[in-house]
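Colleague: Sharing a structure below in structure tokens format, with a few things to ask.
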Amino acid sequence: MELHGTDNPGQKTPIGCLTAEQGAFSSSLPSIVNAFHEALSGLMDRAGETYWDVHRAVVRLDESFDPKAIRAWAKGEKAPSTVASMEIVRRIERHYGLPEGELVSRLPHRARAAKGHLLEGVTASERRRLAWHLPDNFNALPQEQQEHIIEWVRRVIISGSTDYRRFQAAATKHRYAIRFPGVAYGRSEPSIGQAATEAEDDASTGTDPDLQSGVVDAPPHLTMEMASLVRFKTSTLTAFGLRRNGVWGEETTSQKIEHLGLMLGALAASPKAAVRGYGVPLQHLTLGLLVFPGVWDWYVQWRERRRGFYTAWEIDMLRIALALTRQETGWLRQHGQLVHRVRAIPGLVTPEEIERAKADWDGACDNFFKHATSRVKEIQRVARVHRDPFEPIMPVLEAPSPVGEYRKITEEILRRMPDPCRYPRAAAEAVRSFLMLRLGLHLGLRQKNLRQLMVCPRGQTPRSERQLEDLKRGELRWSDRDDGWEVLIPSVAFKNAHSSYFGSKPFRLVLPNLGGLYEHIDTYIRRDRHLLLAGAPDPGTFFIKTVKQSSTDPAYDQTTFYEAWRLTIQRYGIYNPFTGRGAIKGLLPHGPHNVRDVLATHILKQTGSYEQASYAIQDTPEMVQHHY
């Protein structure tokens, strides 16, 4: 039986048995009292109790709970933050005859998840991910209900219960890609210890769970080959004697490096490991292998076995090979010396094929070009779409006002924002999350443009359009003419820079001051960015990561920005029936690209105009009509 004390410290009676004086005032709290510590100290004063009295009333004899914690709560010095302390608060509610949740609802929103959940057989890393989404009374629930809650959180919030997400979660457990240290856009020579890490998060290209999964560095000769290819496709002028058709931008370069690293990594992976690669010795890998049909046939079929069917990914990879072997402009075709590094691979490349390629490199490229062209047509006929980009946000898209529905998430962030005086860094992170989603909704930008958006505080001189063109980035700056926050992005910064939408003109939009947007922008620039930087060099971008011991670089990359957005959706977007937190029922985890879908669908529903929708996401009506 739970015990509580009376006026006689030695006498113990069941909780809930209150004196007449206690019952006269404990049924409700004054509406003007909002803070937890004020409510608690008021109850104690009116009951004539000290923190020792409350401790004796609610803490069992066999429990060890520091009475000074209750004193700190009443003074506002600390707030309950563990599962055990939340249980004590619930007992205090019963002690004073309050409705369940009366005191709990007045607690300041926590900066972190409550500690102390009893989770057997769960690793520390998963425990941290689960804790935020478990109810405070989790430990008191029956084991069957606990297991049901954990299963739901894992399936819906952590992994996002789509077929693609389940495949993704399984695939990322077994990494195999090859990294190319220092090979990246704008680098003419590789440098050890640095790697390209970005890829465009775009629904039109499709994502893959193996990206960013490199586990071994390429040998020096292979790194130099990749550096030569990147230099060929990115330099302003081609080397003397070489010809090319088109150039790669920064995102395309990073994407091609990663995709080729996956292919070569699959060839090198052990056939006995979970990846079931081909086991080609690392020192035998060379880009010269890409001219041999047997290598490509094995790779596309390996991907089909791994996923269960063919997708557009295999088609895109074959098209890379077609471009590299095209007559006159293909990089591989113009680098026939690579064949001398090719070694026979049983079942893939025979010694006879190598000798024929040495004797007639152009002929070998022609044969492969015909073979790959035929393979593209065959795979196109049976390819399936694995990832439905709209599935995670379907409850939003089906709402009468998709933008209004999605804005519920930003309202949930503000409603649950930690106290900036008590938890300044957590409050700064909440403001950052709020602004990510709000600016995403207003601007309809791709992830890269939103992530790389620079900032010019009020009173400072903004960058010129020429400077922004050189940086290939936009800027958020204060416009005295419009008396508002303006976003200016040169057309060259966009993926579709040559689209008829831009006509070589920059994108310019003055943000509407709705829902306190300007106030939060000002607070973020004046206070929160400095807290998040923690003294680290400022990259100049509007959005920055939280600098801490394990993450000293404040600049976001494609992966970390996606993770920040996804974490915001997990914490504030997905309605959790077990905690009551979250804004939208049926929502699933997703990244920043989905906000473009929300915005375009909203405008189509409101106006029925593909042209208006195309303006919102900086694209052409034809592209919007095809995609939506």
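The values are calculated or read from the model by the stated rules, or taken from the named source; none is laboratory data. Predicted model, so just to flag it, every value in this text is computed and none were measured. Don't worry about glycine lacking a Cβ; one is built from the backbone with ideal geometry, like all the others, and counts go over all protein chains shown. To get the accessible areas, we keep the full protein, side chains included, count just its heavy atoms, and leave off ligands, DNA and RNA. Shrake-Rupley method; radii C 1.70, N 1.55, O 1.52, S 1.80 Å.
Colleague: List pairs: first residue in segment 467-492 and over 21 Å from ARG446 (Cα atoms), second residue among the hydrophobic types (A, V, I, L, M, F, W, C) and part of a loop (DSSP other than H, G, I, E, B) anywhere in the structure, Cβ distance under 9 angstrom, at least six positions apart or on different chains.
Modeller: Between residues of segment 467-492 that are over 21 Å from ARG446 (Cα atoms) and residues that are among the hydrophobic types (A, V, I, L, M, F, W, C) and part of a loop (DSSP other than H, G, I, E, B), the close pairs are GLY484/LEU511.
Colleague: Out of contact with any Ser or Thr (no Cβ under 9 Å at 6 or more places or on another chain), in a helix (DSSP H, G or I) and either among the hydroxyl-bearing types (Ser, Thr, Tyr) or open to solvent by 60 Å² or more (accessible area, probe 1.4 Å) (or both): does that describe GLU144?
Modeller: Yes, satisfied.
Colleague: THR552 versus (1) β-branched (Val, Ile, Thr); (2) free of Cβ contacts under 8 Å to residues at least 24 places away in the same chain; (3) surrounded by 16 or more Cβ atoms within 10 Å (Cβ to Cβ): which is the lone unmet condition?
Modeller: All conditions pass for THR552, except number (3).
Colleague: Something else: Return the pair list, or none, for Cβ contacts closer than 8 Å from residues in segment 213-237 that are under 14 Å from SER254 (Cβ atoms) to residues that are modelled with pLDDT of 95 or more and aromatic (Phe, Trp, Tyr), at least 6 apart or on different chains.
Modeller: Here the result reads LEU229/TRP331; LYS233/TRP331, each pair linking segment 213-237 to a residue that is modelled with pLDDT of 95 or more and aromatic (Phe, Trp, Tyr).
Colleague: Can you tell me which residue among LEU134, LEU61, LEU118, LEU103 is of a type in the set (A, V, I, L, M, F, W, C) and modelled with pLDDT under 85?
Modeller: LEU118
Colleague: I need the full set of residues from segment 356-384 which are touching a residue at least 40 places away in the same chain (Cβ under 8 Å) and among the hydroxyl-bearing types (Ser, Thr, Tyr), in order please.
Modeller: Of everything in segment 356-384, just one residue is touching a residue at least 40 places away in the same chain (Cβ under 8 Å) and among the hydroxyl-bearing types (Ser, Thr, Tyr), namely THR373.
Colleague: Also, I was wondering about something else. Of the residues that sit in segment 220-260 and are among the small types (Gly, Ala, Ser) and not in a helix (DSSP H, G or I), which one is nearest to LEU290 (Cα to Cα)?
Modeller: Selected residue: GLY246.
Colleague: Does GLY186 satisfy the criteria of being within 30 Å of the chain's Cα centre (by Cα), modelled with pLDDT under 90 and surrounded by fewer than 13 Cβ atoms within 10 Å (Cβ to Cβ)?
Modeller: So GLY186 passes the test.
Colleague: Given the criterion open to solvent by less than 40 Å² (accessible area, probe 1.4 Å), more than 33 Å from the chain's Cα centre (by Cα), at pLDDT 95 or above and under 21 Å from TYR176 (Cα atoms), identify the matching residue among VAL342, VAL291, VAL295.
Modeller: Unique residue meeting the criteria: VAL295.
Colleague: Going through segment 305-326 one residue at a time, which ones are of a type in the set (Ser, Thr, Tyr), open to solvent by less than 30 Å² (accessible area, probe 1.4 Å) and under 29 Å from the mean Cα position of the chain (by Cα)?
Modeller: THR311
Colleague: Name the residues in segment 467-514 that are acidic (Asp, Glu) and either in contact with a Phe, Trp or Tyr (Cβ under 8 Å, 6 or more places away or on another chain) or crowded, with 18+ Cβ neighbours inside 10 Å (or both), would you?
Modeller: Those that are acidic (Asp, Glu) and either in contact with a Phe, Trp or Tyr (Cβ under 8 Å, 6 or more places away or on another chain) or crowded, with 18+ Cβ neighbours inside 10 Å (or both): GLU475, GLU486.
Colleague: Within segment 39-90, work out how many residues are touching a Gly at 6+ places or on another chain (Cβ under 6 Å) and of a type in the set (A, V, I, L, M, F, W, C).
Modeller: Total meeting the criteria: 3.
Colleague: Looking only at residues in segment 557-580 that are open to solvent by less than 40 Å² (accessible area, probe 1.4 Å) and among the aromatic types (Phe, Trp, Tyr), which one is farthest from GLU412 (Cα to Cα)?
Modeller: If we take residues in segment 557-580 being open to solvent by less than 40 Å² (accessible area, probe 1.4 Å) and among the aromatic types (Phe, Trp, Tyr), then PHE561 is farthest from GLU412 (Cα to Cα).
Colleague: Can you find, within segment 429-462, the residue that is least open to solvent (accessible area, probe 1.4 Å) among those that are in a loop (DSSP other than H, G, I, E, B) and within 22 Å of LEU531 (Cα to Cα)?
Modeller: Residue satisfying both the conditions and the ranking: LEU453.
Colleague: Under 8 Å between Cβ atoms, which residue pairs at least 6 apart in sequence (or on different chains) link something in segment 152-165 that is more than 13 Å from ARG566 (Cα to Cα) and open to solvent by 30 Å² or more (accessible area, probe 1.4 Å) with a partner that is modelled with pLDDT under 90 and in a helix (DSSP H, G or I)?
Modeller: Listed pairs, sorted by first residue: ARG154/LEU130; SER161/ARG155.
Colleague: Is there a residue being in contact with a Gly (Cβ under 7 Å, 6 or more places away or on another chain) and not in a helix (DSSP H, G or I) anywhere in segment 322-338?
Modeller: So far as segment 322-338 goes, no, none of its residues is in contact with a Gly (Cβ under 7 Å, 6 or more places away or on another chain) and not in a helix (DSSP H, G or I).
Colleague: Restricting the first residue to segment 252-268 and requiring it to be closer than 15 Å to ARG306 by Cβ, which pairs with a second residue that is outside any helix (DSSP H, G or I) and acidic (Asp, Glu) meet a Cβ separation below 7 Å and a spacing of at least six or different chains?
Modeller: LEU262/ASP210
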